[in-house]
Amino acid sequence: MAQSHTLEHIQKLMDSFANAAKRFGLTISLKKTKIMLQACAGSSPSKPNIFINGTPLNVVDKFCYHGNVLSQNAEINDDITRGRRIGAASAAFGKLESRLWKERGVPCTPEQ
């Protein structure tokens, strides 16, 4: 993830990134590449037009990155209210039941 403070700098970063990818024979997934603004408090900038090889990128208010929902306002409410984090923790703990608790004879609750 790159950070920039001007639209011109964002476009220069994207152009450099696209050129580097091309030199190494890589392609950029335009479906997965998004632009998200985090504006200064009290400002409401218009949505930018940022391009990769002439194709405009989607501007989003939030997106999922490595299983976490990132938003313009840096709040984590979407992760919590949608149960994403709770569900992931529950699934991980559930996997421990067969791999650790039962298979290795480790009690789930402390013995008294």
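The values are calculated or read from the model by the stated rules, or taken from the named source; none is laboratory data. What you are looking at is a predicted structure, and each value in this text was computed from that prediction instead of being measured. Neighbour counts are summed over all protein chains in view; Cβ atoms, including those assigned to glycine, are modelled from backbone coordinates with ideal geometry.
Does GLU8 satisfy the condition of being modelled with pLDDT under 75 and either surrounded by 11 or more Cβ atoms within 10 Å (Cβ to Cβ) or not hydrophobic (A, V, I, L, M, F, W, C) (or both)? Considered against the rule, which asks whether it is modelled with pLDDT under 75 and either surrounded by 11 or more Cβ atoms within 10 Å (Cβ to Cβ) or not hydrophobic (A, V, I, L, M, F, W, C) (or both), GLU8 comes out as no.
Taking the range 8-64 as the range and being assigned to a loop (DSSP other than H, G, I, E, B) and among the basic types (Lys, Arg) as the test, the residues that pass are LYS31, LYS32, LYS47.
Among the residues making up the range 50-68, a single one is surrounded by 11 or more Cβ atoms within 10 Å (Cβ to Cβ), within 19 Å of HIS9 (Cα to Cα) and free of Cβ contacts under 8 Å to residues at least 24 places away in the same chain: PRO56. Residue-level check: of (1) within 17 Å of GLY54 (Cβ to Cβ); (2) surrounded by 12 or more Cβ atoms within 10 Å (Cβ to Cβ), LYS31 misses just (2).
Loosely packed, with under 11 Cβ neighbours inside 10 Å, of a type in the set (Ser, Thr, Tyr) and without any contact (Cβ under 8 Å) to a residue 40 or more places away in the chain: is that true of SER43 in this structure? Spelling it out, SER43 is indeed loosely packed, with under 11 Cβ neighbours inside 10 Å, of a type in the set (Ser, Thr, Tyr) and without any contact (Cβ under 8 Å) to a residue 40 or more places away in the chain.
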